[in-house]
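For reference, the structure is listed below as structure tokens.
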Amino acid sequence: MLSGFLLRALDRRTWIVLLLLVAIGLAVPALNLFTDPSSPIHVPTYVVALLGKYLTYALLALSVDLIWGYCGILSLGHGAFFALGGYAMGMYLMRQIGARGVYANPTLPDFMVFLNWKELPWFWYGFDMFWFAALMVLVVPGLLAFVFGWFAFRSRVTGVYLSIITQAMTYALLLAFFRNDMGFGGNNGLTDFKDILGFNIQADTTRGALFLASALALALGFLVCRAVIASKFGKVLVAVRDAESRTRFIGYRVEGYKLVVFVLSAMMAGVAGALYVPQVGIINPGEFAPANSIEAVIWVAVGGRGTLIGPIVGAVLVNFAKTWFTTGMLAEYWLFVLGGLFVAVTLFLPKGVVGTFIGRKGANRPGNGIPAAPAAQPQPAE
Amino acid sequence: MNEKAKNSLLYLDGVSVSFDGFKALNALSLVIEPGEMRAIIGPNGAGKTTMMDVITGKTKPDEGDVYFSGSVDLRRMDEASIASLGIGRKFQKPTVFESHSVWDNLELALAGPRGPFAMLFHKRTRAEEERIEAILTTIRLGEKRDWLAANLSHGQKQWLEIGMLLAQEPKLLLVDEPAAGMTDAETAETAILLKEIAKTKSVVVVEHDMTFVRDLDVKVTVLHEGSVLSEGTLDHVSADPRVVEVYLGR
Ligand SMILES: Nc1ncnc2c1ncn2[C@@H]1O[C@H](COP(=O)(O)OP(=O)(O)OP(=O)(O)O)[C@@H](O)[C@H]1O
Ligand SMILES: [Mg+2]
């Protein structure tokens, strides 16, 4: 059943994207590890880490597109799920430090010793085991999305109101995680990681492996999204996006669909965050900042909402521009550039870069048609 | 509950709905028998659409009873479960899923399971395809099956919406102004189509177009200010002085 579900998604374009991602995932680390540093094709380690970070952003953007592009749910709080996944991974990495911390406490992370804590809080139990942390990367964002979605979708909160409460959610978490007594390292967050699965986290080989893992996670995320969209479930999502109450009148319980896709999307964002943290070496409450979530939405709008490929392209393009800008003397103007970009895309490229320049062949075929992408402006659902 | 309610398909008694103090429905009572086709007319703002909103669960009545099949209390149910009971609805403003193809619109409406997980793993069956083909023929959109619904003409959207109603295989169809915006020829064809449908299902049609209502040739209910003003054959209600006054007095 599951394999049929995934196989159905494998059209030619999906194959191309998957193969491309796997190829990039192998090529970049290979060009870092197996070429001479003086060689023109050598990829320096810092670039591997940077590109790896872009890939995790792309996965976050993909998760936003799944709900916004196909179901019309504009979440301005998806950074929260990304950050929670990141914290779950960060907790594992903290426990891996063991007695090598500044205070050399075998169980307690440094910041707890500093706060004079004597015992590990209960919610840190289990994070010394990778499988448990990996599970929490999915469970924690998924659970928050479930609880949030359960109340929001059942009370039929939609449109701007929903966007506003997602912002409030991530802001509330930002404030909570800033507090030292929350037990997540306060405003310093979690950092000074040493090992992951026993491998030195700074080693080039480990970085290469993390890069490959990010590429594979993105490929898997893409495949899952394609499969969801190609299924009848996906058609219902688009129906909800276009005319929500009409969908109810033909018998679909819309809140259930929204809940399922919202939880799935949050889990994808959690995985993205979990891969982000070991590559940047830190997770702190800043990741919950409302602006981060808004940026993710801009990546999707720039790349092309409702295209799945668009958000990947958008995330990479915008972040490349951001890196380029913020390392130069124009750094202070980045936010203006980003805002301007958003306005320009909304006005001149409402379907985003990918939606505008790549036609959607077969969009009308009844069998596996990908529903047409909407314009960036939400259509009034009756 | 009385005998009348028990044998009816749809039973509304003393239903009132008010919006900010304004009574859109005022102690409305209406009974539809199984297999019946009924036309509902009335001036703008009479409450015709609001009545459909109440039946389909979009609006909850402030007072009154709403029963389906004699005993199912519709006031306690949401839109999705009312639809699953077998009440289908066509909206006044045609609403189809614009970015889906004609085929997908029908496939979505097709009777069957509605849960999210069932839909994730759903595989279209031969029987379903045949059913869609048959409906495409009925609504004369076979040629346009791959078209995006957004690109259909107004009249074609109306027909697609009727097709979606059929796909749902409802027991009762509520059809709100099906001929609105149609050419005379299309209107006449729509009347024929609805009469065809009414052979096997109960249908409630709201319409302003008197020629259309005459074509249907069924019992007519006149609504005015949220309650029933007159009921009977078209000739009977047209001769009713109160109806004449309401229509001329506008
Ligand atoms: N959601 C609402 N809020 C406030 N008033 C409403 C609402 N829905 C309907 N009304 C009012 O209730 C009255 C009945 O409206 P309804 O749409 O049922 O009329 P109708 O008989 O369908 O008219 P038409 O022939 O124009 O479609 C109107 O005066 C309308 O303005
Ligand atoms: Mg109306």
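The values are calculated or read from the model by the stated rules, or taken from the named source; none is laboratory data. Quantities reported herein were computed from a predicted structural model and do not represent experimental measurements. With ideal geometry, Cβ positions are generated from the backbone for all residues, glycine too; neighbour counts draw on all protein chains shown. Ligands, DNA and RNA are excluded from the accessible area calculation, which covers all protein heavy atoms including side chains. Shrake-Rupley method; radii C 1.70, N 1.55, O 1.52, S 1.80 Å.
Remarks
- Test: residue in the range B:205-215 that is under 16 Å from the mean Cα position of the chain (by Cα), within 16 Å of ligand 2 (Cβ to nearest atom) and assigned to a helix (DSSP H, G or I): yes
- For the range A:246-255, filtering for residues that are in contact (Cβ under 8 Å) with a residue 12 or more places away in the chain and either of a type in the set (Lys, Arg) or at the interface with chain B (Cβ under 7 Å from one of its Cβ atoms) (or both) leaves 2.
- The requirement of being away from ligand 1 (no atom under 16 Å from the Cβ), open to solvent by 10 Å² or more (accessible area, probe 1.4 Å) and touching a strand residue (DSSP E or B) at 6+ places or on another chain (Cβ under 7 Å) is not satisfied by B:MET77.
- Subset of the range A:208-235 [within 19 Å of A:THR307 (Cβ to Cβ) and facing chain B (nearest Cβ under 10 Å)]: A:ALA227, A:VAL228, A:SER231, A:PHE233, A:GLY234, A:LYS235
- Filter result for B:THR56 (more than 30 Å from B:VAL243 (Cβ to Cβ), of a type outside the set (D, E, K, R), open to solvent by less than 40 Å² (accessible area, probe 1.4 Å) and within 16 Å of ligand 2 (Cβ to nearest atom)): no
- Condition met for B:LYS23 (of a type in the set (Lys, Arg), touching a Gly at 6+ places or on another chain (Cβ under 6 Å), surrounded by 14 or more Cβ atoms within 10 Å (Cβ to Cβ) and at pLDDT below 95): yes
- Per the conditions (1) aromatic (Phe, Trp, Tyr); (2) crowded, with 24+ Cβ neighbours inside 10 Å; (3) farther than 23 Å from A:VAL263 by Cα, the sole criterion not satisfied by A:TRP15 is (2).
- Positions within the range B:164-218 being within 13 Å of ligand 1 (Cβ to nearest atom), of a type in the set (A, V, I, L, M, F, W, C) and in contact with a His (Cβ under 8 Å, 6 or more places away or on another chain), in sequence order: B:ALA180
- Tabulated pairs, the range B:151-179, first more than 22 Å from B:LEU9 (Cβ to Cβ) and not assigned by the TED database to the domain that holds B:GLU133, second of a type outside the set (Phe, Trp, Tyr) and in a helix (DSSP H, G or I), C-beta under 8 angstrom, 6+ apart or interchain: B:ALA179/B:GLN158; B:ALA179/B:GLU186; B:ALA179/B:THR187; B:ALA179/B:THR190; B:ALA179/B:ALA191
- Looking across the range B:94-119, the residues that are farther than 13 Å from A:ALA239 by Cα and more than 8 Å from every other protein chain (Cβ to nearest Cβ) come down to B:PRO94, B:LEU110, B:ALA111, B:GLY112, B:PRO113, B:ALA118.
- Among the residues of the range B:1-12, those that are open to solvent by 50 Å² or more (accessible area, probe 1.4 Å) and assigned to a helix (DSSP H, G or I) comprise B:GLU3, B:LYS4, B:LYS6.
- Residue match in the range B:208-215 (condition: surrounded by fewer than 17 Cβ atoms within 10 Å (Cβ to Cβ) and aliphatic (A, V, I, L, M)): yes
- Per the listing B:LYS93, B:LYS157, B:LYS171, the residue uniquely open to solvent by 20 Å² or more (accessible area, probe 1.4 Å), in contact with a helix residue (DSSP H, G or I) (Cβ under 7 Å, 6 or more places away or on another chain) and within 24 Å of B:ILE41 (Cα to Cα) is B:LYS157.
- Flag if B:ALA46 is more than 11 Å from chain A (Cβ to nearest Cβ) and open to solvent by less than 10 Å² (accessible area, probe 1.4 Å): yes
- Only a single criterion out of (1) open to solvent by less than 20 Å² (accessible area, probe 1.4 Å); (2) away from chain B (no Cβ under 14 Å); (3) outside any loop (DSSP other than H, G, I, E, B) is not satisfied by A:MET267, namely (1).
- Any hit, the range B:9-27, residues being under 14 Å from the mean Cα position of the chain (by Cα), assigned by the TED database to the domain that holds B:ASP217, within 16 Å of ligand 2 (Cβ to nearest atom) and free of Cβ contacts under 8 Å to residues at least 60 places away in the same chain: no
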